[in-house]
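Report on the following structure.
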Amino acid sequence: MANLKKLYDAVLNGDAKTAVAVTQEAIAEKLDPAVLISDTMIPAMAEVGRLYECEEYFVPELLLAARAMKGSLTLLRPLLAASGTKPTGKVVIGTVKGDLHDIGKNLVASMLEGGGFEVTDLGADVSPDKFVSSVRELKPDLLCLSALLTVTAPSMRTTIEALKQAGLRESVKVMVGGAPVTPEFAREIGADGYSENASQAVVTARQFCHPDKAA
Amino acid sequence: MANVSAVNTSRQRVLESLHHRQPDRVPIDFGGSATTGIHVSCVAKLRDHFGLVKHPVKVIEPFQMLGEVEDDLKLALGVDVTPVLGPRTMFGFANENWKPWSLNGLEVLVPGNFNVTVAENGDTLIYPEGDLTALPSGRMPKGFHFFDAIIRQNHFDPDHLDSSDNLQEFELLSQADLDDIAAKARAAGTGEYATFASFGGTALGDIALVPAISLKDPRGIRDVAEWYVSTRSRRNYIHQVFSRQVEIAIENLQRIYQRIGNSIDVLFLCGTDFGTQTSSFCSVPTFRELWLPYYKQMCDWIHSHTSWKVFKHSCGSSERFYESFIEAGIDIVNPVQCSATGMDPEYLKSKYGERLVFWGGGVDTQQVLPFGTPQEVREQVLRRCRVFSPGGGFVFNTIHNIQAGTPVENIVAMVDALRSFSA
């Protein structure tokens, strides 16, 4: 029988090989993928986030845990889709125009996936038009904008303006983050939310999607 | 002011401060290194503002597109430091055979082997060693201001990693390279400025350098995330890389020292960022296991053979590493990012002011300098000078390079504030 504690530990320890192996066993045993995610994967990633918050984990550990989780989710996602399970929320994420940095954005995307969100990652150097068309097409609950550079942070403002121009601003909550971004800047450009790291991003995203269940 | 040292030159002013003695005024660096520079577009604007001879500015660091701060601009800004750069830029070509190039409409001068193409989406692509037959190693998004590395991660077998692959770019300097360094150091060392050398080869896992944008065909771990992961999951491999890299670095430093002696004052050791905005990239115990012994080896050699002061750049919330930096033998920290968690200027000065030189911390380049008002810039500059300058141990610099798009009136407000503080 699949050892789910082993899966939990594999995600926590960033052991992708074990995470995939246990997930395969669980699938073979016809365990409910939604339960596997809600009872094992999400708690494991929540613990990863907690360890990051209290500075026992750092970026390398987050990246390793995310890889292990993704290895498992890649196997589970098709089964989830087939069963019609609803995600915690739908997210579109990207690094804004002019900025090619993606590690922070990738970490946020991974933590959100680990939190049960369905994440569409548009990559880096994403134009306002691309964000707008993705919001129109995918109808996400949340749009997450990332920037590392001081000179590209203003692209966040441009993107929010483009959403307004397209008449889509009210249809989606916008969260921003990255090194040059402050809560004041987030407010000033009209974002709905800000988080200072990947772990906090999950908490904020939950508040937007399920204010009643937010941690 | 009590106990102010008599100085006759910029160099003496900087040296006084590096030895934690009060100089006649706050020493200033703009343009001394790749982390204390000015974007070429801002250099051009400053030249215009001060009415200096109008000519295209040389891009002396093509990755971040930093402009040359010539002697006339040094004078206008009150700069006390001059750079001594290594034989090649980050893209692997020399700063020679200058040619004109247009950066978003601004005419600048770039090295002869600064060879670029324009991608379908309008981005500018640059090539290692200027070789247009190689894969590009840098990308500047259309309409933006500097390059970022293009990750060229070849397949590798994680079970059979060979550390020599990640040592490709670390070689013993050729005779021609030593001649080049000696000539530059000699020229800089005879002037009145403090000399700030960046020879390369001593940075341990600087994430800007891991992708090896100077190489045409980089081997080993070159992906940024893969490298970060490796500092946790492949520590033996990283130890092997650092261990051999440091052997090569020390041999190069020995050979450089034989040629230039103490004609340089400061050595840029390493730009690896250990801090993030609110936390760090690793724990202090990890730093002490994986980095400290190698920094110490290099610093020990430098301090036992030369009078050079050792400069360590680390962005973000880096205070937690300062005791270990001191133990390793690092003399100077930069950029002193006061906006990051735990980087309060008063705290830093009181706890480390007698043991570390703060080279930076002068004004925030994420918010205040690019987006604040001249008055806000002025107030922050004066506040930082009041905190950091007493007793020396301070060289004024913005917190990292002055970014493209920074209003020239804000830069001028900073310079005016510095002048009024020192008057």
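The values are calculated or read from the model by the stated rules, or taken from the named source; none is laboratory data. Remember, predicted model here, so these are calculated numbers, not experimental data. Glycine gets a Cβ as well: all are built from the backbone with ideal geometry, and neighbour counts include every protein chain shown. Accessible surface areas use protein heavy atoms only, side chains included; no ligands, DNA or RNA. Shrake-Rupley method; radii C 1.70, N 1.55, O 1.52, S 1.80 Å.
General remarks:
- Matching entry among B:G271, B:G261 (being away from chain A (no Cβ under 14 Å), modelled with pLDDT of 95 or more and at positive phi): B:G261
- Residue count for segment A:53-82 satisfying the condition of being within 14 Å of chain B (Cβ to nearest Cβ), farther than 17 Å from A:A19 by Cα and either open to solvent by less than 40 Å² (accessible area, probe 1.4 Å) or in contact with a strand residue (DSSP E or B) (Cβ under 9 Å, 6 or more places away or on another chain) (or both): 5.
- Scanning segment A:199-215 for residues that are within 14 Å of chain B (Cβ to nearest Cβ) and either open to solvent by 10 Å² or more (accessible area, probe 1.4 Å) or over 14 Å from the mean Cα position of the chain (by Cα) (or both) turns up A:S199, A:Q200.
- Restricting B:A183, B:A187 to residues that are in a helix (DSSP H, G or I), open to solvent by 20 Å² or more (accessible area, probe 1.4 Å) and over 14 Å from B:Y257 (Cα atoms) narrows the list to B:A187.
- Residue list for segment B:151-172, restricted to those being among the hydrophobic types (A, V, I, L, M, F, W, C) and surrounded by fewer than 16 Cβ atoms within 10 Å (Cβ to Cβ): B:L172
- Test: residue in segment B:33-46 that is open to solvent by less than 60 Å² (accessible area, probe 1.4 Å), of a type in the set (K, R), farther than 17 Å from B:K312 by Cα and at pLDDT 95 or above: no
- Taken over segment A:99-118, residues that are farther than 17 Å from A:A68 by Cα and among the hydrophobic types (A, V, I, L, M, F, W, C) amount to 1.
- The one condition in (1) open to solvent by less than 20 Å² (accessible area, probe 1.4 Å); (2) under 21 Å from the mean Cα position of the chain (by Cα); (3) away from chain A (no Cβ under 14 Å) that B:G138 fails to fulfil: (3)
- Taking the criterion of being open to solvent by less than 40 Å² (accessible area, probe 1.4 Å), touching a residue at least 40 places away in the same chain (Cβ under 8 Å) and assigned to a helix (DSSP H, G or I), the residues of segment A:106-121 that qualify are A:L107, A:V108, A:S110, A:M111, A:L112, A:E113, A:G114.
- If only residues of segment A:122-151 that are part of a strand (DSSP E or B) and within 14 Å of chain B (Cβ to nearest Cβ) are counted, the one that is surrounded by the fewest Cβ atoms within 10 Å (Cβ to Cβ) is A:V126.
- Qualifying residues in segment A:83-105 (those that are surrounded by fewer than 24 Cβ atoms within 10 Å (Cβ to Cβ) and of a type in the set (D, E, K, R)) - the one farthest from the chain's Cα centre (by Cα): A:K86
- Some residue of segment B:375-388 being part of a loop (DSSP other than H, G, I, E, B) and either in contact (Cβ under 8 Å) with a residue 60 or more places away in the chain or touching a Gly at 6+ places or on another chain (Cβ under 9 Å) (or both): no
- Checking B:R186, B:R222, B:R139, B:R152 one by one, the residue that is without any contact (Cβ under 8 Å) to a residue 60 or more places away in the chain and basic (K, R) is B:R139 and no other.
- Only one of the numbered conditions (1) modelled with pLDDT of 95 or more; (2) within 14 Å of chain B (Cβ to nearest Cβ); (3) in a helix (DSSP H, G or I) is violated by A:V22, and that is (2).
- Among residues of segment A:28-46, those that are crowded, with 16+ Cβ neighbours inside 10 Å and either part of a helix (DSSP H, G or I) or within 15 Å of the chain's Cα centre (by Cα) (or both), counted: 10
- Just one of the listed residues (B:E323, B:E354) is farther than 30 Å from B:H49 by Cα and either free of Cβ contacts under 8 Å to residues at least 12 places away in the same chain or in contact with a strand residue (DSSP E or B) (Cβ under 6 Å, 6 or more places away or on another chain) (or both), namely B:E323.
- Matching residues in segment B:383-423 - criterion: being hydrophobic (A, V, I, L, M, F, W, C) and modelled with pLDDT under 95: B:A423
- Filtered residue count, segment B:221-241, keeping only those that are of a type in the set (G, A, S), open to solvent by 10 Å² or more (accessible area, probe 1.4 Å) and farther than 19 Å from B:G138 by Cβ: 1
- Pick from segment A:160-188, criterion within 17 Å of A:A109 (Cβ to Cβ) and away from chain B (no Cβ under 13 Å), ranking: most open to solvent (accessible area, probe 1.4 Å): A:K173
- Among the residues of segment B:381-396, those that are out of contact with any strand residue (DSSP E or B) (no Cβ under 6 Å at 6 or more places or on another chain) and open to solvent by less than 20 Å² (accessible area, probe 1.4 Å) comprise B:V381, B:C385, B:S389, B:G392.
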